[in-house]
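The values are calculated or read from the model by the stated rules, or taken from the named source; none is laboratory data. All values derive from a computational prediction rather than experimental measurement. With ideal geometry, Cβ positions are generated from the backbone for all residues, glycine too; neighbour counts draw on all protein chains shown.
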Amino acid sequence: MKKRESENMVVQVIRECLLSVPFLQLGKISIDESALKPDFKMEVRVKNKSLKILAEYKDNGQPRVARLAAYQIKDWLAQGVAEYGVFIAPYISPATAVICKEAGVGYLDLAGNCLLSFDTVFIHREGNVNPYIQPRKHLSLYSTKAERILRVLLADPKKNWKTEALAKAANVSYGQISNVKKLLSDQEWLETGESGVRLKNPGVVLDGWAAQYRSQRNQTVDYYAITDIAECEYQFAEICSQRNIRYALTAFSGAARLAPSVRYQRMYAYVEGNPDSLADALGWKRVTSGANVSLLLPYDEGVFIGTQEIDGIQIAAPVQIYLDLQSQHGRGQEAAQNIRKVIEKSW
């Protein structure tokens, strides 16, 4: 969005928001392009009382940016520039809203969602559809390579990581590490110190990832097996070990080894290579309906990060199992919550 266009949009949403109050009169809105002064100033009259309001606009409303802007607004208010300050951005996330409220600063996004509270005026709007809700660079936090880094960090959030060690563990470039570190820092999800970096809010990070995760990126091949599910899983693990094929049970099959809580009627496993070759050796029939075995060809080898062996069978990392269960309908959500308890206990 061009600078002039964004300025016009800010003025428009300010006017629409404030003029919705019948007893408030809005004066001229002035724009100052100096970096040392507020971006917008306006004078309002509330029941014959004159008040000055300042607003600072940023094209990035992520928490780190919002916190710095809130500090600057509070400093201007302390200097007597105005009686009230507002932070404005294209999109205000729930985390950013909390930061503004704690700082005693109002907030407003370009869709008109806001919280403004001064004198006898209180305006709170939420739920307006916002086209800026998922900035492209925020979505890159859940790109294939970035997810590898999240898997490593979430496996042990208390561990401090140097760039070289983290890049090696996630099998990504130093540049990718740098990009993800910045994205996490913008969300205030990362702690940085002399000993390295580690996650600050692992639960929030996992929630954000789960909301974006799509297991459909994996190619799923379905089969029908005559033997029961438990026997299928052991036979599958055995033949993969014999042929030196990388695999990992996931979803309900993985959860049954970590936190058994629900009955399940289908085996789920990641596997590399040709699944039909394994199925033929096991006597499974490929089907389009009525399957009780689902083999997932992974969209990325990162799904194998953090695999562990339980009772001679490889299972995916708890975080991966949780993500896959979250994508399941029905009792998948119930099983996911039990795995979440396992994950949080390890933290």
Item to check | region 185-203 - residue that is in a loop (DSSP other than H, G, I, E, B) and without any contact (Cβ under 8 Å) to a residue 40 or more places away in the chain and, of those, surrounded by the most Cβ atoms within 10 Å (Cβ to Cβ) | outcome: W189
Next on the checklist: Being crowded, with 20+ Cβ neighbours inside 10 Å, modelled with pLDDT of 95 or more, assigned to a helix (DSSP H, G or I) and among the acidic types (D, E) is the requirement here; does E238 meet it?
Outcome noted: no
Next on the checklist: Out of everything in region 204-228 that is of a type in the set (A, V, I, L, M, F, W, C) and under 24 Å from P63 (Cβ atoms), what residue ends up being surrounded by the fewest Cβ atoms within 10 Å (Cβ to Cβ)?
Outcome noted: A211
Checklist outcome for this item: When region 248-261 is checked residue by residue, the ones that are surrounded by 20 or more Cβ atoms within 10 Å (Cβ to Cβ) and over 15 Å from D311 (Cβ atoms) are T250, A251, F252
Next on the checklist: surrounded by 15 or more Cβ atoms within 10 Å (Cβ to Cβ) and charged (D, E, K, R): which single residue out of K49, K74, K58 fits that description?
Outcome noted: K58
Next on the checklist: Step by step: first the residues of region 273-287, then only those that are touching a strand residue (DSSP E or B) at 6+ places or on another chain (Cβ under 7 Å) and surrounded by fewer than 19 Cβ atoms within 10 Å (Cβ to Cβ), then the one that is nearest to T227 (Cα to Cα). Which residue is that?
Outcome noted: K285
Checklist entry - Does Q333 fit the bill of being free of Cβ contacts under 8 Å to residues at least 40 places away in the same chain, surrounded by fewer than 22 Cβ atoms within 10 Å (Cβ to Cβ) and at negative phi? => result yes
Checklist entry - What is the number of the single condition among (1) within 29 Å of the chain's Cα centre (by Cα); (2) part of a strand (DSSP E or B); (3) charged (D, E, K, R) that K28 does not meet? => result (1)
Next on the checklist: Looking only at region 8-36, count every residue that is of a type outside the set (A, V, I, L, M, F, W, C) and either crowded, with 16+ Cβ neighbours inside 10 Å or in contact (Cβ under 8 Å) with a residue 40 or more places away in the chain (or both) and tell me the total.
Outcome noted: 2
Next on the checklist: Is it the case, given these coordinates, that V293 is of a type outside the set (D, E, K, R), surrounded by 24 or more Cβ atoms within 10 Å (Cβ to Cβ) and over 28 Å from V152 (Cα atoms)?
Outcome noted: yes
Checklist outcome for this item: Inside region 170-180, the number of residues satisfying the requirement of being assigned to a helix (DSSP H, G or I) and either small (G, A, S) or within 14 Å of the chain's Cα centre (by Cα) (or both) is 4
Item to check | Out of A97, A70, A82, A78, sole residue that is in contact with a Cys (Cβ under 8 Å, 6 or more places away or on another chain) and farther than 23 Å from R4 by Cβ | outcome: A70
Next on the checklist: K159 - would you say it is of a type outside the set (D, E), over 17 Å from the mean Cα position of the chain (by Cα) and assigned to a helix (DSSP H, G or I)?
Outcome noted: no
Checklist entry - So is V98 surrounded by fewer than 17 Cβ atoms within 10 Å (Cβ to Cβ), out of contact with any Gly (no Cβ under 6 Å at 6 or more places or on another chain) and not in a loop (DSSP other than H, G, I, E, B) or not? => result yes
Checklist outcome for this item: For A167, the lone unmet condition from (1) in a helix (DSSP H, G or I); (2) free of Cβ contacts under 8 Å to residues at least 12 places away in the same chain; (3) surrounded by fewer than 19 Cβ atoms within 10 Å (Cβ to Cβ); (4) not assigned by TED's automatic domain parsing to the domain that holds H329 is (3)
Item to check | Answer from G80, G85 - the residue that is among the small types (G, A, S), over 17 Å from Q12 (Cβ atoms) and modelled with pLDDT of 95 or more | outcome: G85
